[in-house]
Amino acid sequence: MSTRPDKLEMDASDFVVLGDFIPQIVQEIRYYSSFNFIGDRIDGYEEPIALLTKEAARALKSVSNEMMVQGYRLKVFDGYRPVSAVKHFMLWAIEDQDIRMKPYFYPDIAKQELFDRGYIAKRSSHSRGSTVDLTLLDMKSGKEVDMGGPFDLFSELSHPDYKGITDQQFENRMMLQRTMLRNGFTALDCEWWHFTLADEPYPDTYFEFPVSSEYLKQ
């Protein structure tokens with residue numbers, strides 16, 4: 001493992017397919033679909049699966065086991081994100097005039113401000129392989145737990161400590177956050193769904209291989 005800043009790497013040998021490692025999880029990989037803030041499939045997403053480093057996957061498995069006992073399953077929206085996907089985000093925010101998804105994902109903010117406000121990172125922790133976006137699924141109802149706002153809404157409403165939601169919605173956010181932190185993850189101050197393994201194995205390495213189980217077999 002190199003400590004050289006911003007090292008780019010294609011080696012996927014330390015990664016796992018999350019659905020194989022934690023069969024109980026539910027996956028809705030938004031950047032493979034067109035239901036995301038850009039409105040198209042994102043570069044680098046070749047399969048609708050989440051990948052994570054083995055270290056992050058092991059920690060997340062502990063989270064999953066804990067939540068299952070309480071009647072919840074983890075629902076994952078994104079894991080490892082290739083550098084090419086981040087470049088797609090950047091080009092869209094800087095050059096593309098398309099705002100067709102604005103009402104759903106950034107209704108109160110100009111797309112040019114998404115970087116300055118921290119909603120999109122020019123260097124994403126997701127590209128280091130140990131960050132995951134997720135929520136909880138209630139096993140009794142089969143529905144997502146009400147977090148007071150949807151995934152990838154670029155708004156103050158998405159801040160984990162936002163107080164303009166109901167007590168139950170806030171407690172749902174905190175239940176997820178407490179469990180993630182207890183199992184070695186850190187939270188992000190502007191996205192209730194975003195967590196990074198505190199002791200991530202590649203803190204200075206950004207990976208470029210596509211989201212593909214086939215690539216992991218090479």
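The values are calculated or read from the model by the stated rules, or taken from the named source; none is laboratory data. Predicted, not measured: the structure shown is a model, and the values here were computed from it. All Cβ positions, even for glycine, are placed from backbone atoms using ideal geometry, and neighbour counts span all protein chains on display. These accessible areas exclude ligands, DNA and RNA; they are computed on the full protein's heavy atoms, side chains included. Shrake-Rupley method; radii C 1.70, N 1.55, O 1.52, S 1.80 Å.
Odds and ends about this structure:
- Average Cα contact separation per residue, the chain, under 8 Å, 6 or more apart, as relative contact order %: 31
- Percent of beta bridges antiparallel (DSSP, the chain, rounded to nearest 5): 75
- Remark: segment 1-74 carries a charge dipole of roughly 280 debye about the Cα centre, counting +1 on each Lys and Arg Cβ and -1 on each Asp and Glu Cβ.
- Spatial separation of Cα centroids for segment 5-62 and segment 116-193, in angstrom: 17
- Net dipole in debye of the chain [+1 Lys, Arg Cβ; -1 Asp, Glu Cβ; about Cα centre; nearest 20]: 360
- When each of the peptides 139-147, 193-201, 11-19 is scored by the mean number of other C-beta atoms lying within 10 Å of its residues, the order from highest to lowest reads 193-201, 11-19, 139-147.
- Distances between placed amide hydrogens fall under 5 Å for residue 27 paired with 76, all partners being 5 or more residues away or on another chain.
- Heavy atoms of the protein chains alone define the surface here; on that basis the chain has 47 Å² accessible area per residue at 1.4 Å probe size.
- Table column - 3J(HN,Hα) (Hz), segment 129-134, Karplus curve with 6.51, -1.76, 1.60, x for Gly and Pro: x, 10, 10, 9, 10, 7
- Checking [x] 0.99; [y] 1.20; [z] 0.94 against the coordinates, the calculated Rg/Rh (Cα atoms, Kirkwood Rh) falls under label [z].
- Sulfur and carbon atoms: percent of accessible area, the chain [1.4 Å]: 49
- Descending by average beta-carbon neighbour count within 10 Å, the peptides 108-118, 65-75, 123-133 line up as 123-133, 65-75, 108-118, the highest first.
- For residue 111, the lysines whose Cα comes closer than 20 Å to its Cα, not counting residues fewer than 8 places off in the same chain, are 87, 102, 122.
- Residue (of 101, 145, 34) at the positive-pole extreme of the chain, dipole from beta-carbon charges: 145
- For segment 164-181, putting each phi into the Karplus relation 6.51 cos²θ - 1.76 cosθ + 1.60 with θ = phi - 60° gives couplings of x, 10, 6, 4, 5, 4, 5, 5, 4, 4, 5, 4, 5, 5, 4, 5, 5, 5 Hz, in residue order, rounded to whole numbers and with x for Gly and Pro.
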